[in-house]
Amino acid sequence: MADQVPIITVDGPSGSGKGTVSQRIADRLGWRLLDSGALYRLVGHAVAQAGIGFSNKNKISEIASKLNAEFKDGEVWLDGIDVTDLIRTETAGNNASKVAAMPGVRAALLDWQRGYAQPPGLVADGRDMGTTVFPAAGVKIFLTASAKERAQRRYKQLKEKGLPANLAALTADLKERDARDRGRAVSPLVAAADAVEIDSTALGIDDVVELVLRQAQRSFAKPP
Ligand code: DC
């Protein structure tokens, strides 16, 4: 199935704007969206809830393989509980990054992610969409932005939500997560050899969306 369905992968570090860009592209094309980071966030959340600690790799992989999650209308549910906001905190992001370094967890989530490749098309947002999960995707984007810009975006988002935010702490956190995501042995954060790199430091979301859509028009035989 994944071979016949048009797929756009959008990979990159935290705060590069992947999530918003992927959502807009999926809306514009009427395609499905895979927010793969949400899966790792769910596993991290489930582990924290279970209180088993982040060193028990076997148990954590088991949790990942039995994850009872549901995505509906922009909400994320785990074991019948709405966890949409709970999995978006900085702590949840850090926990996600920890479980994402475990090969057993990544293996447990692989088929689930590939199952998202359904007509009319898929926009897949993550770290290894173009390298590991959908290596045959027709369009691969690697979206970056400077660490300073990414931390500032996150700071602004938190402030707008009325949540406490500290720019220095956010920057440190982001760098720590980048290092873990880039340095892990399995499926590290890296641009696929055939990915188009877009630096969004000085670009608005709309500019990035247009660049990706133009790339899609060029790459897919039938313009989307
Ligand atoms: O995209 P995000 O911030 O929601 O992702 C949360 C964490 O999950 C991130 O630190 C790295 C990890 N992740 C991953 O390893 N592979 C993916 N495809 C998506 C996310």
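Quick notes on this structure:
- Residue satisfying all of: in the stretch 61-96; free of Cβ contacts under 8 Å to residues at least 12 places away in the same chain and assigned to a strand (DSSP E or B); surrounded by the most Cβ atoms within 10 Å (Cβ to Cβ) among these: TRP77
- Test: ALA202 is farther than 15 Å from SER22 by Cα, more than 16 Å from the ligand (Cβ to nearest atom) and open to solvent by 30 Å² or more (accessible area, probe 1.4 Å): yes
- Filtered residues of the stretch 153-162 (kept if within 29 Å of MET129 (Cα to Cα) and either open to solvent by 80 Å² or more (accessible area, probe 1.4 Å) or not in a helix (DSSP H, G or I) (or both)): LYS156, GLN157
- Single residue of the stretch 70-103 satisfying the filter (more than 24 Å from ARG177 (Cα to Cα) and among the small types (Gly, Ala, Ser)) that is farthest from the ligand (Cβ to nearest atom): GLY80
- Of the candidates ALA136, ALA117, the single residue that is open to solvent by 30 Å² or more (accessible area, probe 1.4 Å), modelled with pLDDT of 95 or more, closer than 27 Å to LEU211 by Cα and among the hydrophobic types (A, V, I, L, M, F, W, C) is ALA136.
- Number of positions in the stretch 34-60 that are in a helix (DSSP H, G or I), within 16 Å of the ligand (Cβ to nearest atom) and of a type in the set (D, E, K, R): 2
- Residue that is farthest from the ligand (Cβ to nearest atom) [pool: residues in the stretch 168-189 that are exposed (fewer than 14 other Cβ atoms within 10 Å of the Cβ) and closer than 16 Å to ARG153 by Cα]: ALA168
- Being within 11 Å of the ligand (Cβ to nearest atom), closer than 28 Å to ILE60 by Cβ and at pLDDT 95 or above holds for only one residue in ARG106, ARG154, and it is ARG106.
- Criterion: in contact with a strand residue (DSSP E or B) (Cβ under 8 Å, 6 or more places away or on another chain) and in a loop (DSSP other than H, G, I, E, B) - qualifying residue of ALA117, ALA124, ALA202, ALA165: ALA117
The values are calculated or read from the model by the stated rules, or taken from the named source; none is laboratory data. These figures come from a predicted structure and were not determined experimentally. Quick reminder, even Gly has a Cβ in these numbers, built from the backbone with ideal geometry, and neighbours come from all protein chains shown. Remember, those area values only see protein heavy atoms, side chains included, never the ligands or the DNA or RNA. Shrake-Rupley method; radii C 1.70, N 1.55, O 1.52, S 1.80 Å.
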